[in-house]
C-alpha cells in the first residue's frame with residue numbers, strides 16, 4: 001500500500017501530540033525532541049479496518065508507529081483459531097526494533113481504520129543516536145509493553161471470565177486516558193465480542209454472557225462502540241486490578257529534557 005502524504009500541521013495534531021504525551025510519561029522531552037518525533041512521523045500509511053498492516057512471514061522493513069486507530073498483534077493456528085496477544089492504541093510503537101527480524105513471526109492487523117507513521121531503520125537509528133531522552137523513553141516504552149504482556153498471560157491463566165473481561169476493559173481505558181483519548185470513564189471501544197474472546201481465551205457466547213453480567217452489576221455501559229465505566233473503583237476491586245504494570249505515574253518526570 002502506498003504511503004499517504006500528510007501536511008505538517010495535520011501531523012502535529014494527529015501524531016506528535018499523542019506520541020509525545022505518551023513518551024513524556026517516561027521522560028521529559030525538549031522542544032527539539034518533539035520536533036524530531038514529528039519529523040519521523042511525516043510519512044503516513046492509511047490501513048483500512050480489518051486489514052493487515054503486516055502479515056506473519058513478511059519481511060519487516062519499517063518501524064510502525066500508530067497515530068490513530070486501534071490495531072492488534074495476533075497469531076493464527078492452522079485450523080483458523082486466532083489469539084490476540086496485544087492491542088495497540090494511538091501513540092504505540094508496533095515493536096521498536098522489528099526491522100532486525102528476517103521474517104515476522106506474528107501479524108499486526110487493523111481493528112479500525114489506521115493512520116500509521118512508517119519509519120525507516122535509518123531514521124530510527126538516527127533518532128536514538130542523537131536523542132538520548134527519546135531513546136530512554138523508548139526503552140521505558142518497551143519495558144511497559146513487556147509488562148502488559150506478562151499481565152495478559154496472568155489474565156488468561158488465572159482470572160475468571162468476569163475478571164478477565166473487567167481487567168481488559170480497565171487497562172484499555174487507562175491506556176487511552178493516558179494519551180488524552182478517554183475521560184470521565186468514557187472512551188471509544190471498537191472491539192467486537194469475537195475480538196474480546198480472542199484476547200481473553202473465551203468464546204463469543206461466554207463474552208456476551210460476561211458483558212451482560214457486568215451490565216447487570218451496573219459496572220459498565222457498552223453501546224455504539226463506546227464504553228462507559230460506571231464504577232471504576234469497584235470494577236478495579238472485582239478484577240483485582242493493580243495498575244503498577246502500566247507505569248502511568250510519571251516515573252521519569254524528574255528527568256530534565258536534553259536542551
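Some points to look at:
- Pairs of Cα atoms farther than 24 Å apart, region 4-122, %: 26 percent
- Sorted by Cβ density within 10 Å, fewest first, the residues 146, 124, 104: 146, 104, 124
- Remark: 173, 74 ranked as 74, 173, counting other beta-carbon atoms within 10 Å and listing the fewest first.
- Potential extension, residue 150-residue 129 segment - 0.36 nm per residue separation minus Cα distance: 4.6 nm
- Förster-model FRET efficiency, 45 Å R0, residue 51 and residue 237, C-beta, rounded to 0.05: 0.70
- In a fully extended conformation the segment linking residue 59 and residue 75 would gain 4.1 nm over its present Cα-Cα distance, using 0.36 nm per residue.
- Sorting 167, 247, 103, 39 by the number of Cβ atoms found within 10 Å of their own Cβ, with the fewest placed first, yields 103, 39, 247, 167.
- Prolate/oblate/rounded call for region 14-81, Cα gyration tensor, a/c under 1.5 rounded: prolate
- Gain on full stretching of the segment that runs from residue 228 to residue 21 - 0.36 nm per residue minus C-alpha separation: 72.2 nm
Every read-out reported here was derived from the displayed coordinates using simple, explicitly stated rules and does not represent laboratory data. This structure is a prediction, so every number in the text was calculated from the model and none was measured. Counting neighbours? That spans all protein chains shown, and the Cβs are built from the backbone with ideal geometry, glycine included.
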